[in-house]
Structure formats: C-alpha cells, structure tokens
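K.L.:
Below you will find the structure I want to go over with you.
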Amino acid sequence: GTPQKYDPTFKGPIYDRGCTDIVCCVLLVLAILGYIVVGVVAWTHGDPRKVIHPTDSRGQFCGQQGTPNEYGPAPLDCSIPQIPHGICSPPCPPPTQICVSQCPDRYMTYLTAYGNAASMEYYRNFCTPEFKNSHKVGRGATVGPWGDSQSADVQLVVPTQSPIEVLKDRECPAMLIPSTPLARRCFPAIEAKKGVIMVGNETTYDDGRGHRRNVTELLEGAKKANVVLETRQLAMKIFEDYTVSWYWIIIGLVIAMVASLIFIVLLRFLAGIMVWVMIVMVILVLGYGIFHCYMEYAKLKGEAGSDVSLTDLGFQTDLRVYLHLRQTWLAFLIILCVLELVIVLLLIFLRKRILIAIALIKEASRAVGHVMSSLLFPLCTFFLLCLCIAYWASTAVFLSTSNEAVYKVFNESTCPYSGNTCKPETFNTSNITKECPDAQCLFAFYGGETAYHKYLIVLQFFNVFMFFWLANFVIALGQVTLAGAFASYYWAFKKPDDMPAFPLFSAFGRALRYHTGSLAFGSLVLAIVQVIRVTLEYLDHRLKAAENKFAKFLLSCLKCCFWCLEKFIKFLNRNAYIMIAIYGTNFCTSARNAFFLLMRNIIRVAVLDKVTDFLFFLGKLLIVGSVGILAFFFFTQRIKLVQDTAPPLNYYWVPILTVIVGSYLIAHGFFSVYGMCVDTLFLCFLEDLERNDGSAEKPYFMSQNLRKLLKKTNKGQPDA
C-alpha cells in the first residue's frame, strides 16, 4: 500500500463525516425487526414447562396447578412388556405414562395385587383415571386373574373388569418396580452392592406375566439415571457451598476490582517500575506454586493410596480425591516449571523491546487518565451483551418448546388407520372407531405439521445467527467508541487542551450516527464465520461414532482453517474500527488501509504490539494469581487470624474457582480498555510517522517521551 501523505487539514478524528455502509445498516435494522417477530411468535407458541415438567400419555403436564401429582414416570424399555404376551403385536402403542404423587417403592404385579384390598388400594395409585372403582366381593368364590372361577375364604377388593381386560385397555401397568424420583420422573432404583446390580435389594423381578427377569435388563432404560443422579448430588453440594460462601466470594471479587483499579492508577504514574515489579511478582508467584506443589508431592510419599495413577482412578465427582495422589501434584509441578521457564526465556530475549512497550503503556496511562470514563464503559458493553444472551436463550427455549401434542391411532389388530394422526376430542365419534373398534387415539410425541413447525429448525438457525451478529455488533460498538476517544487524545497537539470536552460520548455518538452500517458489516462477516464454525462442531459431534477417517480428517482441517480465519477477521476488524473512528471511511476502505499500514510496519506490529499484549497478560495473571492464592488460604482455613471465620464447605474449590474466574473477568474488563488504548495509539503513532517528519510545517503529534525513545524531534520545539 501507499504510505499516508501529509494533510494540513487533518487534526484528529474527523467530525465532518457522512454515513457509511448504509445497505448493511438497513439489513441490520430489518434483521432486528425479523428477530423481534421470531421472538414474539416463539413466545406465543412456546411453553417452557415442557422442558421442566413431564407429561402423561394425554400430553398433560404433571405437577401443575389443577393436578395433585408431582412426578411422571419415564416409559420403560420396549424389552419389558407392560401387558401380557399376545395382546399386542408390533408396532405397539407407546407405554402409558401417568402422573403420580410418588414413585413406587416396592415390587408388585397386577396379578399379585388383584384380590388383595391393601395391595389393590396401593396399586390403584399407578393406574389411569379411567380405572374403575373397586368393590367388595364376599367370601368364597372369586374371579380368577384371567376370568376363571377360583375359590378362597378371604375378603377381596377387585375391579369390575378382569385383569386381562384391565391390562388390555392399558389402564394399569403389568408390574411396579422400586423407583426413585429424578428430574420429576421415576427411574428404577438401580444400585450396585459388591459388584452386583440390584433394584430394591433384589436381583430379579416378576414381569407381570409369570416370568422372572434379571434386573440388568432395566439398565438400558435407565443407564444414564445414575450419572444424572450423581451430577444432581454434586450440583446440590455446590449450591450448598455457594449459600454459605457467597458473601466471601463477593469480598474476593471486590478485592480483585480494587487491585485492578489500583494497578491501573499506579501504571499512570509508575508504568516502568510497575511493569518490572509485575514481571518479578509473576515469577515469584509461579515459584511459590512450584515450591508448594513439590512440598505436597513430598508429603504424600509413602502414604497409602497416594501412588495410584490418574488413569486407574478414573473420573470422580469428588475432586478432592485427586489431591491425595502424588501424580496430581507432579503434573501441577511440571506444568508450573514449564510455564516459569517459558516466561523467563521470553523476558531474556525481549528485554530491549520491553522498554518500548513501557513507553506505549505510559502513553496509554496518560490517555486513560484524561478519559477516566473509559474505565466504566465496559460495563455498558457487558450489559448489552447480557441482553443479547438473554434474548437468544429465551427465544431458543420458546422455539424448542413450541411444538404441539401429536396424537396417533394405535390398534392391537390390523387397521388401515394405524399410525395416522387423530384428535382425542372427536375420535370416539369418527369412522375409525366403527371400522377398528379396538383402536385408540393416544399421545405420541410433541411436534406439528403446520408451516411454522416445519420451519422451526430454520428459525433456530436464524436465532443463533442473529445472536452472533448482535453480540459482535455490541463488541464492535465498544471498540470503535474507545478508539475514537483515545484517538482524540493522540491527535491533540496540545494535550489535553485540544481534546474535546467529552471525547467518549462524542465518539459513541459518531459511531451510532454515522457508522452503524460499517459496524454491522464487520460484525456480519465475523458472525458468518462463527456460524460456520458452530456448524462444523455440530457435524464433528454427529460423526464421532462414524468410522470414515477421511471425513474426520477433512472436518478437522476445516475446523482448523475457520478457527484461523476467525482470529484473522477479529484482528482485522479491530484495526478497521480504529481507522473508522479516526477517518470515518467505510468498512472495506478502513480494513484495507489498516491492513496495509500494519504490513508496512510488520516488525513493529509483531514485537511492540504483542509484547504489550504479553505484559497485559502478566498483569492479569498477577491479579488473578494473588487473589486466587488468598482465596485458597482463606477457604482451606490456613490463615490463622481468620481460621474460624471461613465457612465449612463440601468442596473448597467451588468458591476458589469462582473467585479466580470472576477476578479474571474483572481484570480483563479493566485491561481491555488499556489494550484498546495501546492499539489505537500504536496505529496513530504509525500514521504520525508516515504523515509527518518533525518539521515546523509537519510536526509530530506523538508525546515527547515517544519522540525521545525513537530519537525524533520537532523542529523549533525543545525536547528537554
């Protein structure tokens, strides 16, 4: 590209500018209107209760107002018949699901309960509402299970129908199995005792038709129940830890925020000293981590069970188990040693460039000092991102639950209407019941046959696409606003006298008024790449079980290429937004000019910009590491002064990880402002070098310290 030429009228961010990329602005507005329409339609048709509450065979919710029941039993596996053999020939109707007030807690079959008052009273709780009321039968002859005559000198309570009719009409299950409630559904209470799979302390059960079956046949129907149950127990313990430690977590996050703010304020006055102190502190923190890991590793020597390998132990929900293994602390020790070595080597080879990076940080400190409101601006970006996430998540839930209950015809004998959709309200008066007297209209699944239901997958895809587009637009708006404010500082010849009164608000207004289209253009390109990456990840997940190695290889290559493309577009967009904030040009022109400007100064870009990023990373690491170590000593009760103050926890890593992640996000928010400031000043600095030569007609706009560092002077101005 051609270097920038001197322009005597250029005095910083151009105020007399016009709207750019209007077509993209119109597209964004139309897309947002369409997104609102999709949300309204989804909220009209959707019902999030379908995600939380189970349904019975009629599609009615369990545990809702108007129903006295709370749980809905999950259908058993097809290999476990619920009706006597011979009554149903495939394809069978779906297993009957009913809402119950509690899950069964014992083994029982309908045939064994039949004729016993207490058993029948208990069994009736798991039958359909159509099940007829029982009535007393006197002592003596009774009706047998299959309609035959039997004699017994007992008083029985039996239904008016015979068992064969009850089971044929699917009014009661053929058997009950001890179950436990999980996610408002009843799952077989499977447990392992000394390696033996048992349900209700039994290894076999009666299937309701006179056969004994092994409980292992129930594993397929509930193979994920135990994993989900353990996960639920883990989640409950984590929730308990949060309830007793939330205020200490907030205190830790406040400490991180204060430390980040103090660090930034100190950078304004003591950038050079703070950078070197930061480097030394990071090395010391890593050194202490190495020492602590070695001491723990040595302390576990000779203890029983400490030499078990991680592979032999496998995955454990109680993560404290891993801390009793020597191999865990050895892995931590190796990782910290490698990290320490890499940081020391980088500092040795880049020691000269660090001085230049310090000068940029000092200049950025002055810029932030004159635009202090920029430190709070990330809160605005964070709030808008939260709105995007909330709208996307709620729309996705409503779209996924906007299906309707679909009923189909099921018949025990040959019927031409079997499998057709039906309506329960009019089914009994239709011609189907005349031609197929034993046909039933039963709930099959949630779906729909309207145009809306057919295009639900398209609406979900549009929802994901709009989320990426709007999220990237919000981030772009924040970047161009900060770039405009800091560019106003750099191109002020007399700093800060020549700066506008409110540079941040002025930049924000220019961005929305003139460059909404350009921001929409850049975020659209990035959103398309991100959607393609999500699609590739979905295909990769679907093809995990496939054995086509070529397809897997091709997919891995595509994922790698689009990952690199996304990183490049993010880098290009960031610098294009800086050029938009300064010159007011459209996105393509700004991206081209920024790219060529960086390519003409590729060595400075590769060294100065990345060294500055590395120093910011060290700053985040220092804040997060310090707060994390403080949280570790506090929650593990190793600080004697506050030993009794620390709350009792199930897992002390829960608040520690929360404080560490929260501290990183807080530090990242503060340092992102600094990062944008350095990037903006760096591009302005490169433009300044190309536009001006230090003469009286074309003086440099850079600060005196930068001119000293680069051995540049402005003629007629003393550089003391």
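The values are calculated or read from the model by the stated rules, or taken from the named source; none is laboratory data. Here the structure is a predicted model, which means the values were calculated and not measured. All Cβ positions, glycine included, derive from the backbone under ideal geometry; neighbour counts span all protein chains shown. Surface accessibility is based on the protein's heavy atoms, side chains included, excluding ligands, DNA and RNA. Shrake-Rupley method; radii C 1.70, N 1.55, O 1.52, S 1.80 Å.
K.L.:
If you take the C-alpha gyration tensor of region 311-422, multiply each eigenvalue by 5 and take the square root, what semi-axes do you get, largest first, in whole Å?
P.N.:
Each semi-axis is the square root of five times an eigenvalue, giving 57, 34, 13 Å.
K.L.:
Mind checking the per residue accessible area of region 544-644 for me, 1.4 Å probe, whole number of Å²?
P.N.:
The answer is 53 Å² per residue.
K.L.:
Can you figure out the FRET efficiency of D613 with F427, using R₀ = 60 Å and their beta-carbon distance, to the nearest 0.05?
P.N.:
Efficiency, rounded to the nearest 0.05: 0.30.
K.L.:
Counting other Cβ atoms within 10 Å, keep those with at most 14, restrict to DSSP loop, and tell me which GluC sites (Glu not before Pro) in region 271-341 are left.
P.N.:
E303
K.L.:
Mind putting a number on the dipole of region 601-654 about its Cα centre? Charges go on the C-beta only, +1 for Lys and Arg and -1 for Asp and Glu, and I need it in Debye to the nearest 20.
P.N.:
100 debye
K.L.:
For region 411-532, what % of the accessible area comes from carbon and sulfur atoms, probe 1.4 Å?
P.N.:
Percent of accessible area from carbon and sulfur atoms in region 411-532: 63.
K.L.:
What order, most packed first, do the peptides 382-394, 669-681 have when packing is the mean number of other Cβ atoms within 10 Å of each residue?
P.N.:
So the order, starting with the most tightly packed, is 669-681, 382-394.
K.L.:
Quick one: accessible surface of M257, probe radius 1.4 Å, all protein chains present, in square angstrom to the nearest 10.
P.N.:
Rounded to the nearest 10, that gives 90 Å².
K.L.:
Here's something else I'd like to know. Residue by residue, what Karplus-based ³J(HN,Hα) values in Hz, rounded to whole numbers, does region 354-364 have, using 6.51, -1.76 and 1.60 with θ = phi - 60° and x for Gly and Pro?
P.N.:
For region 354-364, the Karplus curve yields 5, 4, 5, 4, 4, 5, 5, 5, 4, 5, 5 Hz.
K.L.:
Across all directions of projection, what mean area in square nanometres is found for the Cα convex hull of region 376-428?
P.N.:
Computing the convex hull of the Cα atoms and averaging its projections yields 5.7 nm².
K.L.:
Tell me, in nm to one decimal, what length is gained between M599 and F493 on full extension, where the rule is 0.36 nm per residue of separation less the Cα-Cα distance?
P.N.:
Length difference between fully extended and current span is 35.5 nm.
K.L.:
Once Rh is set to the Kirkwood radius over Cα pairs, what Stokes-Einstein translational diffusion coefficient, in µm²/s, holds for region 397-526 at a temperature of 10 °C and a viscosity of 1.306 mPa s?
P.N.:
My calculation gives 79 µm²/s for D.
K.L.:
Right, here's the next one. Write out the GluC sites (Glu not before Pro) in region 619-720 meeting two conditions: DSSP loop, and at most 11 other Cβ atoms within 10 Å of their Cβ.
P.N.:
E697
K.L.:
Okay, next question. Which ³J(HN,Hα) values in Hz, rounded to whole numbers, follow from the phi angles of region 515-527 under the Karplus curve 6.51 cos²θ - 1.76 cosθ + 1.60, where θ = phi - 60° and Gly and Pro get x?
P.N.:
10, 4, x, 5, 5, 5, 5, x, 6, 5, 4, 5, 5
K.L.:
Taking R0 as 41 Å, what FRET efficiency do you get between Y455 and E240 from their Cβ-Cβ distance, rounded to the nearest 0.05?
P.N.:
0.40
K.L.:
Here is a further query. Based only on Cα atoms, what mean projected area does the convex hull of region 247-388 have, in nm²?
P.N.:
With every direction weighted equally, the projected area is 13.2 nm².
K.L.:
Find, among the trypsin sites (Lys or Arg not before Pro) in region 620-711, those assigned to loop by DSSP (not H, G, I, E, B) with at most 11 other beta-carbon atoms within 10 angstrom.
P.N.:
R638, K711
K.L.:
Now a separate question. Across 5 Å bins from the origin, how do the percents of Cα pairs in region 235-305 run, short distances first?
P.N.:
3, 12, 10, 12, 13, 16, 16, 9, 5, 2, 1
K.L.:
Here's something else I'd like to know. Can you send over the solvent-accessible area of T429, 1.4 Å probe, protein chains only, in Å² to the nearest 10?
P.N.:
The accessible area comes out at roughly 110 Å².
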